[in-house]
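Structure record follows, encoded as structure tokens.
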Amino acid sequence: MRRIVLSAVFVLRLAAAVDRGRLLRAVGLMTVGYLATPVIALGLREFTEAALARRLEVATWVIGGVAVLLVLELMLGHFAHLSYFEVGELAETTLNEELVRHVNGSPGLERLDDPAFADNVNLVREELGNTRTAVESVLQLGGLALQTALTTVVLVTLDPRLALLPLAALPSVLVGRWAQNLLESAKEASAENTRRTRHLLALATAPASIKEIRLFHAEAALLREQDANWSRTSAVLRRAHLRAAALRAAGQLVFALAYGGAITLVLWQAEQGRAGVGDVILVITLAVQVSVQVAGAATLLTGLQGVGRTLDRLTSLRDHGSREHEAGERGSRKRGHATPSRTSPVPGAVPAVLREGIRLENLSFVYPGTGKVILEDLNLTIPAGGSVALVGENGAGKSTLVKLLCGLYQPTSGRILVDGTDLRDLPAGEWQARVASLFQDFARFELLLRENVGVGDVARMEDEQAVLRAVELARAGRIVASVPGGLSGLLGHGYGQGTELSMGQWQTLGLARSQMREDPLLLVLDEPAAALDAAAEHAIFERYANLSADTGRRSGGITLFVSHRFSTVRMADMIVVLDRGRVAESGDHRALVTRRGLYAELYELQERIYH
């Protein structure tokens with residue numbers, strides 16, 4: 001019950017914060033509407049007594065009043081719904097924004113690699129839509145409480161023992177909570193299987209994966225796997241629903257017995273001459289109302305308890321962020337850095353221009369919760385103003401190193417120094433604002449073309465000249481010309497009749513997006529032309545080599561790219577070869593080929609394949 005009370009308080013505070021006026025209007029309308037219901041029962045008693053006594057004028061006035069109350073009950077509930085529905089939508093939007101903040105509340109990606117965090121996010125995302133009705137549930141529960149109180153007073157005036165009728169609803173409410181706990185526990189136990197089931201369904205229906213699935217004749221295998229996962233999930237949920245239904249039925253049985261007892265009591269009193277026909281009608285009407293109140297309250301409490309569990313999960317996401325922050329502070333103290341306070345120095349400022357470059361000192365990284373070493377004891381200096389290529393076999397740690405340099409992960413040990421300052425001591429948001437990037441798993445924003453490119457620098461998204469400059473630098477002019485409406489044309493079919501692009505075209509727009517930020521200190525291109533042919537990739541990197549030279553002269557910015565095509569890699573000022581998480585060798589193309597090491601071996605192997 002404590003969770004329900006806390007949930008109700010939270011929902012009311014949230015509703016008052018988003019729109020106090022609409023909330024108060026809904027409360028007023030619902031109060032009048034709910035109090036009209038027991039008054040209608042009293043009116044029916046008076047009408048019955050007047051009709052039996054042949055007082056037709058009184059009976060007519062009473063039944064007219066009952067009709068008015070019935071209309072008010074329905075009409076006021078409808079107008080109240082208009083108010084609290086809008087408040088509920090605003091409240092849901094607020095909670096959605098909070099969820100987005102929790103998911104993106106860290107400059108790094110560590111929390112997204114935590115399965116428990118992912119399960120929590122998935123459950124909250126699924127259930128957050130239910131919070132739209134939470135405002136309605138709280139208001140209706142309040143109305144039912146007032147209604148039940150007035151109903152109890154009326155019943156007590158007939159016979160004090162009838163006050164037990166509303167109390168008989170308590171077992172139903174209590175077992176309803178127990179039943180809801182069973183269902184919530186089942187949802188949590190099956191969360192991982194649910195996520196996997198939905199992933200398999202997405203694979204089987206997404207245009208990007210359907211091609212391979214059909215060619216490999218993998219439909220049956222995917223369906224079997226999806227069916228197996230769903231069967232496991234269904235088995236857990238089915239058992240929970242059956243147990244919950246049995247519990248709720250037992251609670252309703254208790255109330256049904258009390259309901260029957262109340263009717264029997266008043267009929268016995270009527271037979272003894274201590275109650276009139278109107279009293280019998282009144283008790284039957286009120287008993288029906290109490291039955292409806294009990295059923296409604298049980299449903300609303302169940303829903304509100306579910307909202308409470310969702311709020312608990314949101315709190316868990318908040319706590320996850322707090323633990324990350326505390327862990328970061330402990331790590332900072334362990335490295336010998338003071339936690340910022342009024343007397344300790346503030347974190348360093350991101351340099352306007354790189355003078356020295358980026359230095360890696362004994363850098364190691366282990367993915368959280370896996371124990372798998374990805375990078376180990378790296379030492380490397382990347383001079384300011386140059387272009388650097390990362391090469392190595394799959395799994396060598398190239399993409400992980402890129403994410404570390406972007407500040408998306410924190411090193412497990414060692415340091416990344418930017419002009420001599422530890423990257424952890426620089427404001428993460430400010431550093432990332434000076435990073436431009438395109439990753440191999442690039443995003444496809446099904447927005448207007450202008451927005452798809454402009455999101456690379458949100459502040460200039462509406463600056464058409466800036467967007468056109470980025471498009472030109474990425475040589476994406478043909479794509480713009482092919483989209484109806486040009487920069488104002490919609491991309492993709494997901495949210496309208498937009499233009500569908502090839503993978504290479506999406507990637508080219510991603511390249512344009514990476515060019516929106518002027519003079520970045522770090523431009524990262526992780527397999528930026530994997531969807532393009534070798535000639536197109538070579539042309540792009542030749543253009544970037546010239547651009548990186550210009551950027552380097554202006555801001556000392558570093559261009560870092562990852563590619564498996566050595567004809568492109570050789571254009572870099574510096575080539576770093578990674579092997580099993582370590583720097584195997586580094587230098588320019590000529591020096592590495594002359595050294596006859598791993599780079600020369602990989603280069604010659606690829607040269608033989610292409611020639």
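What to note about this one:
- Scope segment 449-489; condition aliphatic (A, V, I, L, M), within 26 Å of the chain's Cα centre (by Cα) and farther than 18 Å from Gly504 by Cα; matching residues: Val455, Val458, Ala459, Met461
- The criterion of being surrounded by 14 or more Cβ atoms within 10 Å (Cβ to Cβ) and closer than 30 Å to Leu405 by Cα does not hold for Asn96.
- Test set (1) polar (S, T, N, Q); (2) at pLDDT below 85; (3) surrounded by 15 or more Cβ atoms within 10 Å (Cβ to Cβ) - Thr31 fails condition number: (2)
- Matching option when the condition is within 26 Å of the chain's Cα centre (by Cα) and part of a helix (DSSP H, G or I), among Arg195, Arg177: Arg195
- Residue in segment 437-459 that is assigned to a loop (DSSP other than H, G, I, E, B), modelled with pLDDT of 90 or more and either closer than 17 Å to Pro520 by Cβ or in contact with a strand residue (DSSP E or B) (Cβ under 8 Å, 6 or more places away or on another chain) (or both) present: no
- Tally, over segment 367-416, of residues that are over 20 Å from Arg355 (Cα atoms), more than 33 Å from the chain's Cα centre (by Cα), surrounded by 21 or more Cβ atoms within 10 Å (Cβ to Cβ) and not aliphatic (A, V, I, L, M): 1
- From the options Val294, Val346, residue that is buried (at least 18 other Cβ atoms within 10 Å of the Cβ), of a type in the set (Val, Ile, Thr) and modelled with pLDDT under 75: Val294
- Failed condition for Asp419, given (1) on the phi < 0 side of the Ramachandran plot; (2) surrounded by 13 or more Cβ atoms within 10 Å (Cβ to Cβ); (3) modelled with pLDDT of 90 or more: (1)
- A search for C-beta distances below 7 Å between a residue of segment 12-25 that is on the phi < 0 side of the Ramachandran plot and assigned to a helix (DSSP H, G or I) and any residue that is at pLDDT below 85 and of a type in the set (Ser, Thr, Tyr), counting only pairs 6+ apart in sequence or on different chains, returns Leu14/Thr94; Val18/Thr94; Arg22/Ser83; Arg25/Ser83.
The values are calculated or read from the model by the stated rules, or taken from the named source; none is laboratory data. Please read all numbers here as calculations on a predicted model, not as lab measurements. Here Cβ is always computed from backbone atoms with ideal geometry, including for glycine, and neighbour counts include all displayed protein chains.
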